[in-house]
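S.K.: Let me begin by handing over the structure; questions about it come next.
The values are calculated or read from the model by the stated rules, or taken from the named source; none is laboratory data. Predicted model only: the values in this text are computed from it and were never measured. Neighbour counts are summed over all protein chains in view; Cβ atoms, including those assigned to glycine, are modelled from backbone coordinates with ideal geometry. These accessible areas exclude ligands, DNA and RNA; they are computed on the full protein's heavy atoms, side chains included. Shrake-Rupley method; radii C 1.70, N 1.55, O 1.52, S 1.80 Å.
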Amino acid sequence: MLTTGISRLSFSAFRNYPQLQVDFHSPLIVILGDNGAGKTNILEGLSLLSPGKGLRSSKLSQMSTLTPGSIPPQNWTVAANLKDDNMDIMLGTGLDHTSSGSEKRRIKINGLPVRSQAEFSQYLNVVWIVPSMARLFQEGSSIRRKFVDRMVYAFDDGHADRLHRYEHYLRERSTLLREGHGDPQWLSSLEKNLAEDGIAIALARAEVVRTLTTHQPNDALSPFPRFFAQMRGDVEEWCRQMPAIAAEEKLCQALAANRLQDSYTGGSAFGPHRSDLFVNHLAKQMPAELCSTGEQKILLIALTLSFTKILINQNNKVTLMLLDDVIAHLDAHHRDYLFEELCQMIEKGAKLQTWMTGTSATDFVYLKQYAQYTTIKNTTLYDGYDNNDS
Ligand SMILES: Nc1ncnc2c1ncn2[C@@H]1O[C@H](COP(=O)(O)OP(=O)(O)OP(=O)(O)O)[C@@H](O)[C@H]1O
Ligand SMILES: [Mg+2]
């Protein structure tokens, strides 16, 4: 019997699932199905049980099952039963419409409404790797900041709120500067708030990335590379050189001194929204962006595994690791090592449930005796896999 993890998942009007209810009984779950069957949608449903907008960052209305003529989009729900030792916790979220017709996200824990999805993180960590993250080291810096911010959410309950406030102040300042009639006192008070939250954001990110580097597994037999990771930017540099309070003051001064320039560019030249995650492949002494596509994927898995292990060791919550379409792209060496790691973590009592998707059971043959296989056909999930596929 499952003691830790999601034991039941239910959807209504969510993506391609008009209705779904499935029971799970293993810490290792393999979801199989053809392209377009609905594998990623299952993982997306799970990812909504964490702070933020889920693994696709979609709008609420995009997640409603598309049915011709249903305007406005129908309300959808995602609900899960979470087992954590002797506790049973019900987590639910969905799209709701207010009486005026506007969309809002509904969050419930044990049947009671709660303020925000950030509260799910009291019970659950959700970590994921999805195919779009293969470009993590090639795209602009915002995708890397989001990657780090998601990790920070797991350690710092205030991080999501701080980021929201920071972005709100930044937009307000940009509007004032653009319109050219900003009251200097109002601007100063906005900049003081920006500096306060901005430095706290930078410090929280730096701390998590530092922990990631210093606590990475050190197994000489691992085919996964060791890495050096660091947050970089002006604000990070100031935080390294001076106490936080002085760095706040410095950011505040930099913002004030750049009002004119920022009024032309529409943004702000300084702040943690400019920072970036730097990753170096240690054995090769090569920045991640210069590594091969396969090496970058493997580095991403190394970072995620390191993070997952820290979570498991440092907080007592259940962790869900969602690996969407990851396994089929690994060579046998990395794939089998990863499987062995997962099995060992579970054997040692880690509160970890790993969800993996793929199109062929052959890729998961190593886990044959350990994992629960489920196959999607016509939006229904069946236990097992097609015998002719392995
Ligand atoms: N809002 C929606 N309503 C109905 N169907 C949707 C909605 N959003 C996406 N879909 C459809 O759901 C189906 C399953 O998508 P999903 O991304 O889960 O497939 P998948 O099994 O992960 O496929 P792949 O192997 O290609 O990654 C797709 O056909 C997609 O077009
Ligand atoms: Mg998919």
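S.K.: Please specify each residue of segment 12-46 satisfying the condition of being within 11 Å of ligand 1 (Cβ to nearest atom) and in a strand (DSSP E or B).
M.R.: Matches in segment 12-46: Ala13, Phe14, Tyr17, Pro18, Ile31, Leu32.
S.K.: Go over the candidates Arg173, Arg145, Arg178 one by one and state the one that is under 25 Å from Val209 (Cα atoms) and in contact with a helix residue (DSSP H, G or I) (Cβ under 8 Å, 6 or more places away or on another chain).
M.R.: Unique residue meeting the criteria: Arg145.
Okay, residues lined up against (1) more than 16 Å from ligand 2 (Cβ to nearest atom); (2) in contact (Cβ under 8 Å) with a residue 12 or more places away in the chain; (3) open to solvent by less than 40 Å² (accessible area, probe 1.4 Å):
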{"position": "Val22", "(1), (2), (3)": "yes, yes, yes"}
{"position": "Ile31", "(1), (2), (3)": "no, yes, yes"}
{"position": "Glu44", "(1), (2), (3)": "no, yes, yes"}
{"position": "Gly54", "(1), (2), (3)": "no, no, yes"}
{"position": "Lys83", "(1), (2), (3)": "yes, yes, no"}
{"position": "Gly92", "(1), (2), (3)": "yes, yes, yes"}
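S.K.: Taking Val130 and the conditions (1) at pLDDT 95 or above; (2) not assigned by TED's automatic domain parsing to the domain that holds Phe155, which numbered condition does it fall short on, given that it satisfies the others?
M.R.: Failing condition for Val130: (2).
S.K.: Go through segment 75-101 and report how many residues are at pLDDT 90 or above and in a loop (DSSP other than H, G, I, E, B).
M.R.: So the count comes out to 2.
S.K.: Does Leu49 qualify as being near ligand 1 (Cβ under 10 Å from one of its atoms) and either touching a Phe, Trp or Tyr at 6+ places or on another chain (Cβ under 6 Å) or within 20 Å of Asp324 (Cα to Cα) (or both)? Lay out the reasoning, then the answer.
M.R.: Details: near ligand 1 (Cβ under 10 Å from one of its atoms): no; either touching a Phe, Trp or Tyr at 6+ places or on another chain (Cβ under 6 Å) or within 20 Å of Asp324 (Cα to Cα) (or both): yes.
No; evaluated as a whole, the condition is false for this residue.
S.K.: Okay, next question. Just checking, which of Ser61, Ser12 is open to solvent by 20 Å² or more (accessible area, probe 1.4 Å), in contact (Cβ under 8 Å) with a residue 60 or more places away in the chain and hydroxyl-bearing (Ser, Thr, Tyr)?
M.R.: Ser12
S.K.: Considering only residues that are of a type in the set (Val, Ile, Thr) and near ligand 2 (Cβ under 9 Å from one of its atoms), which ones fall in segment 33-42? Steps first, please.
M.R.: Here is the first cut: in segment 33-42, the residues of a type in the set (Val, Ile, Thr) are 40, 42.
Thr40, the sole residue that qualifies.
S.K.: Restricting to segment 64-81, name every residue that is touching a helix residue (DSSP H, G or I) at 6+ places or on another chain (Cβ under 6 Å) and either open to solvent by less than 20 Å² (accessible area, probe 1.4 Å) or within 16 Å of ligand 2 (Cβ to nearest atom) (or both).
M.R.: First pass over segment 64-81, keeping only residues touching a helix residue (DSSP H, G or I) at 6+ places or on another chain (Cβ under 6 Å): 73, 76, 78.
The answer is Trp76, Val78.
S.K.: Just one of Gln185, Gln138 is assigned to a loop (DSSP other than H, G, I, E, B) and over 23 Å from Ile310 (Cβ atoms); which is it? Walk me through it before giving the result.
M.R.: Working: Gln185 fails: assigned to a loop (DSSP other than H, G, I, E, B).
Testing whether each residue is assigned to a loop (DSSP other than H, G, I, E, B) and over 23 Å from Ile310 (Cβ atoms) leaves just Gln138.
S.K.: Looking for something in a helix (DSSP H, G or I), in contact (Cβ under 8 Å) with a residue 12 or more places away in the chain and under 18 Å from Ala195 (Cα atoms) - is there at least one such residue anywhere in segment 278-291?
M.R.: Step one: of segment 278-291, the residues in a helix (DSSP H, G or I) are 288-290.
If we keep only those that are in contact (Cβ under 8 Å) with a residue 12 or more places away in the chain as well, we get 288-289.
If we keep only those that are under 18 Å from Ala195 (Cα atoms) too, we end up with none.
Within segment 278-291 (the criterion being in a helix (DSSP H, G or I), in contact (Cβ under 8 Å) with a residue 12 or more places away in the chain and under 18 Å from Ala195 (Cα atoms)), the answer is no, since none of the residues qualifies.
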